[in-house]
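The values are calculated or read from the model by the stated rules, or taken from the named source; none is laboratory data. Just so it is clear, the model here is predicted, and its values are computed rather than measured. No Cβ is skipped: glycine too gets one built from the backbone with ideal geometry, and neighbour counts run over all protein chains shown.
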């Protein structure tokens, strides 16, 4: 019941504030202009993280006890740092190094002070115990990677918000069932706020999430994923809520941002480009090239994410040695199928489209002025007599 109150409170605050933010930004011409890699058609505000953050902050300050505030201060402080980094970047672009330094500070706060970190390799590659001088940097690196991976999927209407609600709901329910009610409450506050935002972010979007939302939500998801992996691993064998493939389950929950990031990095490197160079090779771009609009593309990717989570739940008795390859191979296979489907569609459209030279000749013909025979006036005079 308490979590329902948290969801409703943050939902209502965000739902009320978002139209006001949209109005103020549009009035002051603080909008994201379409063009280049941006596939929206109208100038749209891109700092939807502001009402989300205010909704969560209001809910936390209103309903959290002093004990809960004290216990969660490091995690929430890191989320706040990422919010202001995103806000600064949405207003005036930060360099990649500046953003990385800010993310590093937030990740260190989570790992060093909130003590959310890896304490083992959990049997991955046959490795279990690892020393702290490896565990701490590995945890920081993982949090930064997941944070940026989530930020990359904020490319079409409703996608980042929907995927984050699914992941937060999964983690929130699991933590709650395991007695970790503080993290369930944090998830509930964010789920409500994101839900209120999504009403205005669904196609056609009146506002985008922007870095203000994507970075702050991304670092929360990254922290919860690391916490889930470590906590789940140490549950006793045979526990009803234990996923034997602890890493595979976290990967399944965040499969879309993780797979999308790995995919575009590989593609860019193969083309001889920097992995950080922007382009239109994200998964949502390819789905849209098959002819789907924003709502259908988002729905397809939501269903895909749910399928992977379902696979992790069904295979929860299998360890990472089995489940991690299953999840990764499944994602890679779907990616190959997607690429082939897009290629077939592009070839079909190209085949049916008129050739460039034909279009050019037709254009030239339409621009040629009608010629008048030299003797037509003379002949007309003769015929008139």
| query | Within the bounds of region 139-149, is there any residue that is touching a helix residue (DSSP H, G or I) at 6+ places or on another chain (Cβ under 9 Å), surrounded by fewer than 16 Cβ atoms within 10 Å (Cβ to Cβ) and free of Cβ contacts under 8 Å to residues at least 40 places away in the same chain? | reply | yes
| said: Filter region 254-276 down to the residues that are in a helix (DSSP H, G or I), modelled with pLDDT of 85 or more and closer than 14 Å to residue 328 by Cβ and list them by number. | reply: 255, 256, 258, 259, 260, 261, 262, 263
| task | Output yes when any residue across region 286-297 is at pLDDT below 80 and assigned to a helix (DSSP H, G or I), and no when none is. | result | yes
| said: When you check residue 279 against the structure, is it within 18 Å of the chain's Cα centre (by Cα), under 24 Å from residue 145 (Cβ atoms) and modelled with pLDDT under 85, yes or no? | reply: yes
| Within the bounds of region 153-160, is there any residue that is surrounded by 15 or more Cβ atoms within 10 Å (Cβ to Cβ) and farther than 21 Å from residue 265 by Cα? | yes
| request: Find the helices (runs of 4 or more DSSP H) located wholly in region 138-233 whose residues include 1 or more that are in contact with a strand residue (DSSP E or B) (Cβ under 8 Å, 6 or more places away or on another chain) and within 19 Å of residue 283 (Cβ to Cβ), and list them. | output: none
| task | Restricting attention to region 161-187, report how many residues are surrounded by fewer than 20 Cβ atoms within 10 Å (Cβ to Cβ), in contact with a helix residue (DSSP H, G or I) (Cβ under 9 Å, 6 or more places away or on another chain) and closer than 15 Å to residue 231 by Cα. | result | 7
